[in-house]
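Only one structure is covered here, and it is reproduced in the block below.
The values are calculated or read from the model by the stated rules, or taken from the named source; none is laboratory data. It should be emphasised that the depicted structure is a prediction, and the values quoted were computed from it without experimental measurement. No Cβ is skipped: glycine too gets one built from the backbone with ideal geometry, and neighbour counts run over all protein chains shown.
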């Protein structure tokens, strides 16, 4: 780990998991270990639905296209 808390993922693992620069991860702890789980689009929607269920009091429909458009707009600096 570097002094600014960056961790390098070994090339062998990056290739095996298909990880590329800019990929996003879910970071969690499990039994005292830090888990970096690559975030795939389908999994991201499932996680959002789970969060919506938990915090909004029941199943919610997620508008994936709207979420993607808003995310791209934010990254492009369009608000």
Which pairs have Cβ atoms under 6 Å, sit 6 or more apart or on different chains, and link a residue in segment 49-68 that is in a helix (DSSP H, G or I) to one that is at pLDDT 70 or above?
64/45
Return the pairs, sorted by first residue and then second, in which the second residue is exposed (fewer than 10 other Cβ atoms within 10 Å of the Cβ) and at pLDDT 85 or above, the first residue lies in segment 24-47 and is over 18 Å from residue 5 (Cα atoms), the beta carbons are less than 6 Å apart, and the residues are 6+ apart or on different chains.
none
Residues satisfying the stated conditions in segment 13-44, i.e. at pLDDT below 90 and assigned to a helix (DSSP H, G or I)
17, 41, 42, 43, 44
